[in-house]
1. First compute the accessible area of the chain with a 1.4 Å probe, then give the percent of it belonging to carbon and sulfur atoms.
2. Can you find, among THR15, GLY47, GLY69, the residue farthest towards the positive end of the dipole of the chain? Put +1 on the C-beta of Lys and Arg, -1 on that of Asp and Glu.
3. Sort the following peptides by mean Cβ neighbour count (other Cβ atoms within 10 Å, averaged over residues), highest first: 42-51, 24-33.
4. Roll a 1.4 Å probe over the protein chains and send me the accessible area per residue for the chain in Å².
5. When the Cα atoms of the chain are enclosed in a convex hull and the volume is divided per residue, what value in Å³ results?
6. Suppose the chain between SER46 and ARG64 were pulled fully straight at 0.36 nm per residue; how much longer would it get relative to their current alpha carbon spacing?
Amino acid sequence: RYGSNALGGAINLVTPLGREADGVRARLDAGSFGYLKGQASFGGQSGRFDYFATASGQRIDGYREHSEGTALRANLNV
(Lines give C-alpha, C1' and ligand atoms only; values in the text may rest on other atoms or scores of the structure.)
Protein backbone atom coordinates (compact mmCIF):
# COMPACT_ATOMS: atom_id res chain seq x y z
CA ARG A 1 0.00 0.00 0.00
CA TYR A 2 2.77 2.47 0.86
CA GLY A 3 5.43 1.10 -1.51
CA SER A 4 8.83 -0.40 -0.90
CA ASN A 5 10.17 2.75 0.78
CA ALA A 6 7.88 2.13 3.77
CA LEU A 7 9.56 -1.06 5.00
CA GLY A 8 10.78 0.74 8.13
CA GLY A 9 7.32 2.17 8.85
CA ALA A 10 4.91 4.68 7.41
CA ILE A 11 2.88 7.61 8.64
CA ASN A 12 -0.69 7.59 7.38
CA LEU A 13 -2.16 11.10 7.67
CA VAL A 14 -5.95 11.22 7.47
CA THR A 15 -7.57 14.62 7.06
CA PRO A 16 -10.78 14.97 9.11
CA LEU A 17 -13.97 15.61 7.15
CA GLY A 18 -16.82 17.83 8.27
CA ARG A 19 -19.45 15.20 7.56
CA GLU A 20 -17.66 12.81 9.96
CA ALA A 21 -17.05 15.41 12.71
CA ASP A 22 -18.56 15.00 16.17
CA GLY A 23 -19.67 18.64 16.33
CA VAL A 24 -17.65 20.86 18.68
CA ARG A 25 -14.74 19.27 20.56
CA ALA A 26 -12.26 20.81 22.97
CA ARG A 27 -9.31 19.53 24.99
CA LEU A 28 -6.79 20.88 27.44
CA ASP A 29 -3.45 19.28 28.33
CA ALA A 30 -1.17 20.36 31.16
CA GLY A 31 2.13 19.05 32.45
CA SER A 32 5.46 19.77 34.04
CA PHE A 33 7.56 22.89 33.47
CA GLY A 34 4.55 25.07 32.69
CA TYR A 35 3.33 22.98 29.75
CA LEU A 36 -0.17 23.96 28.66
CA LYS A 37 -1.93 23.12 25.40
CA GLY A 38 -5.51 23.81 24.35
CA GLN A 39 -7.31 22.77 21.19
CA ALA A 40 -10.81 23.30 19.82
CA SER A 41 -12.35 21.95 16.62
CA PHE A 42 -15.69 21.81 14.88
CA GLY A 43 -17.09 20.55 11.62
CA GLY A 44 -20.30 20.13 9.73
CA GLN A 45 -21.99 19.79 6.40
CA SER A 46 -24.17 22.07 4.26
CA GLY A 47 -25.55 20.45 1.14
CA ARG A 48 -22.70 19.06 -0.95
CA PHE A 49 -20.06 20.98 1.01
CA ASP A 50 -18.46 20.04 4.29
CA TYR A 51 -16.05 21.95 6.50
CA PHE A 52 -13.72 21.23 9.40
CA ALA A 53 -11.74 23.78 11.43
CA THR A 54 -9.33 23.43 14.32
CA ALA A 55 -7.20 25.84 16.34
CA SER A 56 -4.62 25.16 19.04
CA GLY A 57 -2.26 27.04 21.28
CA GLN A 58 0.69 25.73 23.29
CA ARG A 59 3.17 27.18 25.78
CA ILE A 60 5.95 25.76 27.92
CA ASP A 61 8.35 27.41 30.37
CA GLY A 62 11.00 24.77 29.75
CA TYR A 63 13.30 22.96 32.14
CA ARG A 64 16.36 25.17 31.53
CA GLU A 65 17.17 28.64 30.24
CA HIS A 66 16.15 29.39 26.65
CA SER A 67 13.94 26.29 26.39
CA GLU A 68 10.60 28.07 26.65
CA GLY A 69 8.28 28.15 23.69
CA THR A 70 4.86 29.08 22.35
CA ALA A 71 2.93 28.00 19.28
CA LEU A 72 -0.39 28.97 17.69
CA ARG A 73 -1.88 26.92 14.87
CA ALA A 74 -5.10 26.94 12.86
CA ASN A 75 -6.35 24.75 10.02
CA LEU A 76 -9.46 24.84 7.85
CA ASN A 77 -10.68 22.26 5.35
CA VAL A 78 -13.59 23.09 3.04
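1. On the way: 3410 of 6610 Å².
That fraction is 52 percent.
2. Toward the positive end, the furthest listed residue is GLY47.
3. Working: 42-51: 12.5, 24-33: 9.8.
In descending order of packing, they fall as 42-51, 24-33.
4. Details: 6610 Å² over 78 residues.
That works out to 85 Å² for each residue.
5. Values: hull volume 11.5 nm³, N = 78.
Residue-normalised Cα hull volume stands at 148 Å³.
6. Details: separation 18, 0.36 × 18 = 6.48 nm, distance 4.89 nm.
Gain on extension, SER46 to ARG64, equals 1.6 nm.
The values are calculated or read from the model by the stated rules, or taken from the named source; none is laboratory data. In this text the structure is predicted, and so the values were computed from the model without any measurement. Heads up, the Cβs are rebuilt from the backbone with ideal geometry, glycines too, and the neighbour counts pull from every protein chain shown. The accessibility values were calculated without ligands, DNA or RNA, using every heavy atom of the protein model including side chains. Shrake-Rupley method; radii C 1.70, N 1.55, O 1.52, S 1.80 Å.
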